[in-house]
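Novice: Before we start, here is the structure in question, set down as structure tokens.
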Amino acid sequence: PRVSMVMPAYNAEAFVGEAIESILAQTFSDFELIIVENGSSDGTRAVIEAYAAKDPRIRAFGCDRRLGVVRPNAFGMDQARAPFVGRLDADDLALSDRLERQVALLMEHPDVVVVGSNARHVSTDGEILGLMTAGPESVDEFHRLYARGELTMVLDGTSMMRKETY
């Protein structure tokens, strides 16, 4: 695959199906979705396994106990087979052109190692609660900030990076 998407999931039964659907509905289809179920006590694992049984692009891994936040992400990154690795949390949704746009930017700018996006906070009723922004809006802005020694960051759940960088 061209992209490996890594999704950790813990007690996300109510949301993980929609998160998976948002990746399966991407305009860019050359991906694998690596889901690391993190010892959930609800039906998260069953939801993931049902999707994995229907789509060969989904690679599901399960933990017998909760491993915290960092270890499932690191495990998923280690399983990634693609040159580009993206992240999405199990309670997040990706816009349908996210992968297409991020891959295009990384291909157009070989000096860029990681990209991300803004994120909308949405209630369970679908109401937009706010917008979270982080990092520069362009490659030029990044270079300006970097030259001044200013902090630049990317929202983890919106990130895509070159696997070689990881």
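The values are calculated or read from the model by the stated rules, or taken from the named source; none is laboratory data. Only a predicted model underlies this, so the values are computations on that prediction, with no experimental measurement involved. Cβ sites come from the backbone with ideal geometry, for glycine too, and all protein chains shown count toward neighbours. Ligands, DNA and RNA are stripped out before the accessible areas are found, and what is left, the full protein with its side chains, is counted by its heavy atoms. Shrake-Rupley method; radii C 1.70, N 1.55, O 1.52, S 1.80 Å.
Novice: Across region 133-166, which residue is farthest from the chain's Cα centre (by Cα) among those that are open to solvent by less than 90 Å² (accessible area, probe 1.4 Å) and charged (D, E, K, R)?
Specialist: Glu150
Novice: Checking Ala82 against (1) within 23 Å of Thr165 (Cβ to Cβ); (2) aliphatic (A, V, I, L, M); (3) open to solvent by less than 80 Å² (accessible area, probe 1.4 Å); (4) modelled with pLDDT under 95: exactly one of these is not met. Which one?
Specialist: Unmet for Ala82, out of (1) within 23 Å of Thr165 (Cβ to Cβ); (2) aliphatic (A, V, I, L, M); (3) open to solvent by less than 80 Å² (accessible area, probe 1.4 Å); (4) modelled with pLDDT under 95: (4).
Novice: Can you pull out every residue in region 31-55 that is part of a helix (DSSP H, G or I) and free of Cβ contacts under 8 Å to residues at least 40 places away in the same chain?
Specialist: Answer for region 31-55, where residues must be part of a helix (DSSP H, G or I) and free of Cβ contacts under 8 Å to residues at least 40 places away in the same chain: Arg45, Ala46, Val47, Ile48, Glu49, Ala50, Tyr51, Ala52, Ala53, Lys54.
Novice: Only one residue in Ala90, Ala80, Ala60, Ala94 is touching a residue at least 24 places away in the same chain (Cβ under 8 Å), closer than 22 Å to Phe31 by Cβ and in contact with a Pro (Cβ under 7 Å, 6 or more places away or on another chain), so which one is that?
Specialist: Ala90
Novice: Follow-up. Search region 50-79 for residues being touching a strand residue (DSSP E or B) at 6+ places or on another chain (Cβ under 6 Å) and under 18 Å from Gly17 (Cβ atoms), and hand back the single one that is least open to solvent (accessible area, probe 1.4 Å).
Specialist: By that ranking, first place goes to Ile58.
Novice: Could you run through region 93-132 and say how many residues are under 16 Å from the mean Cα position of the chain (by Cα), more than 20 Å from Glu21 (Cβ to Cβ) and not aliphatic (A, V, I, L, M)?
Specialist: 2
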